[in-house]
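The structure appears right after this line, and notes come after that.
The values are calculated or read from the model by the stated rules, or taken from the named source; none is laboratory data. Just so we're clear, the structure is a prediction, and the values are computed from it rather than from any experiment. Using ideal geometry, Cβ is built from the backbone for each residue, glycine included, and neighbour counts are taken over all protein chains shown. Heads up: the accessible areas ignore ligands, DNA and RNA and are worked out on the full protein's heavy atoms, side chains in. Shrake-Rupley method; radii C 1.70, N 1.55, O 1.52, S 1.80 Å.
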Amino acid sequence: MQQAIHRRDIIAFGIVALTGACSGSTGSAVSVVPGPTPSPSPTPSPAPTPTPSPTFGLTVTAGSQAISQIAGATRDVFADADPADQVFDRWTGDVGVLLNAAERASGVRTLAAPASVAAVYRSLPAFAFQIGTLAGSAGPLQYYYYFPQPLPPRGVVFRFHGTGGSARSGTTRVEEMKFNRDLVANGYGVVTLDSDDRVNAQWNNSVINTGNIDVVHVQQVIAALTGQGLMNASTRLFAMGHSNGGGFAPVVGSLLGWRAAWISFASGSRTLITQQSTLPAIWTIGQNDTTIGPSGNANAMTNFQSLTARGVPADFITFVPSAVYPSRFAQIAGLSAADSQVIYNAIRGANLLDANDYQFSAPANNQAALAAAIPAAYSASSAEIGNQLRIAYAEHEFTAAASARVRRFFEAR
């Protein structure tokens, strides 16, 4: 029998700091998911000039550093954007000072001596999603999929968008593609789907039986992909949903007997999870989420505790704010480190950041100031710039900050 994972962590943009076991612990050791099998030696990108920190004694290569808000950390480190045809692999060097050397960003413990860390990357050739169609209630629906070679895949992750999203949005946005690239690099197939409802673009989370039209569509996609020889009856399946899709992920995962679900910025069905589900689940929530709000975050914690109380493996992560460091926007397609610096300077010049590069208030409060400050040359990237600012504020925005943690949770199933 698999050992239940009872964890509640607080992280900022992928930086993990353990805060204790779940409610009801009697002081026993916290179970930790084993890490994945080590990857082949990565191929580092051309080494940039290291950036030393005279006050912190830390040198970061291929990355940035900033003051941290993580318990147990004094600074955060952030890996540079993935180079062409490569994907972030891990941090190397004095990794003992990092809270999580497997994530693109990590908190840094208080240093007793100078230290250095470097982000390294491994090869991942560009790949393109294929597109399939199926009949929806009001017209054709799309699903996007990619399966790395050689087959069979290590598993397949079905991704469910938030309100207003689509199958395509899961293959174009910066953070979505970070997670997709991490999955593909580690041998997983990825599938994203349209919800049947194309007016509100929402999943049906209220019908908890296999007659749910969205569950029916998922089964049709599985049949189509199986027919192409991309997967079979023994393929390990996982659900990942954000926001409204986060409510659907445990529904479809439970009904179809999948291995685990990632519930992103959502609480999940309280009735299903607290009374019925035995589906292992990992939650990620934002400290400043104003969409589901404090009550939604509290419900997510209740559902997490319900699973752990019944011995079902579960994990819980809370994102806290992180710095808007100068190169943060260089991960957006079409923007260079120099472009990111210009955007950063504009935001700082508008007096929207404190001395440590944290936002004074929620990005939603500063839309007019941001629009006026950011040069018109970057208007095409305004949506992604806004996404990064919401992520930095720990708002209701999908982030791949815990990508490695989620993948390890899946791999343990």
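For the stretch 332-357, how many residues are in a loop (DSSP other than H, G, I, E, B) and within 25 Å of the chain's Cα centre (by Cα)?
Initial filter on the stretch 332-357 (in a loop (DSSP other than H, G, I, E, B)): 332-336, 350-352, 354-357.
Among the residues that remain, those that are also within 25 Å of the chain's Cα centre (by Cα) are: 332-336, 356-357.
Adding up the residues that qualify gives 7.
If I filter the stretch 152-189 down to residues being assigned to a loop (DSSP other than H, G, I, E, B) and within 15 Å of residue 236 (Cβ to Cβ), which single residue comes out as modelled with the lowest pLDDT? It would help to see each step written out before you state the result.
Applying the first criterion (assigned to a loop (DSSP other than H, G, I, E, B)) to the stretch 152-189 yields 152-154, 161-167, 172-173, 186-187.
Those still in the list that are within 15 Å of residue 236 (Cβ to Cβ) too: 152-154, 186-187.
On the way: 152: 93, 153: 97, 154: 96, 186: 96, 187: 97.
Here the answer is 152.
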(request) Looking only at the stretch 253-264, count how many residues are under 17 Å from residue 276 (Cα atoms) and either of a type outside the set (A, V, I, L, M, F, W, C) or open to solvent by 10 Å² or more (accessible area, probe 1.4 Å) (or both). (result) 7
(message) For the stretch 375-396: of the residues being open to solvent by less than 30 Å² (accessible area, probe 1.4 Å) and part of a loop (DSSP other than H, G, I, E, B), which is farthest from residue 354 (Cα to Cα)?
(response) 396
(message) Can you pull out every residue in the stretch 66-75 that is modelled with pLDDT of 90 or more, polar (S, T, N, Q) and surrounded by fewer than 22 Cβ atoms within 10 Å (Cβ to Cβ)?
(response) 74
(request) Would you check if there is a residue in the stretch 282-297 being surrounded by fewer than 18 Cβ atoms within 10 Å (Cβ to Cβ) and among the β-branched types (Val, Ile, Thr)? (result) yes
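Show me the strands (runs of 3 or more DSSP E) entirely contained within the stretch 99-138 in which 3 or more residues are touching a strand residue (DSSP E or B) at 6+ places or on another chain (Cβ under 7 Å) and more than 17 Å from residue 88 (Cβ to Cβ). Even if it seems obvious, please write down each step before you answer.
Values: elements: 105-108, 115-123, 130-136.
In the stretch 99-138, the matching strands (runs of 3 or more DSSP E) lie at 130-136.
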(request) Go through (1) in a strand (DSSP E or B); (2) more than 23 Å from residue 300 (Cα to Cα) one by one and return the number of the condition residue 261 breaks. (result) (2)
(request) Kindly establish whether residue 357 is of a type in the set (D, E, K, R), closer than 30 Å to residue 266 by Cα, out of contact with any helix residue (DSSP H, G or I) (no Cβ under 6 Å at 6 or more places or on another chain) and surrounded by 13 or more Cβ atoms within 10 Å (Cβ to Cβ). (result) yes
(message) Taking the condition of being open to solvent by 20 Å² or more (accessible area, probe 1.4 Å), assigned to a helix (DSSP H, G or I) and closer than 23 Å to residue 162 by Cβ, how many residues in the stretch 210-252 meet it?
(response) 6
(message) Given the criterion under 24 Å from residue 355 (Cβ atoms), under 17 Å from the mean Cα position of the chain (by Cα), open to solvent by less than 40 Å² (accessible area, probe 1.4 Å) and not β-branched (Val, Ile, Thr), identify the matching residue among 78, 88.
(response) 78
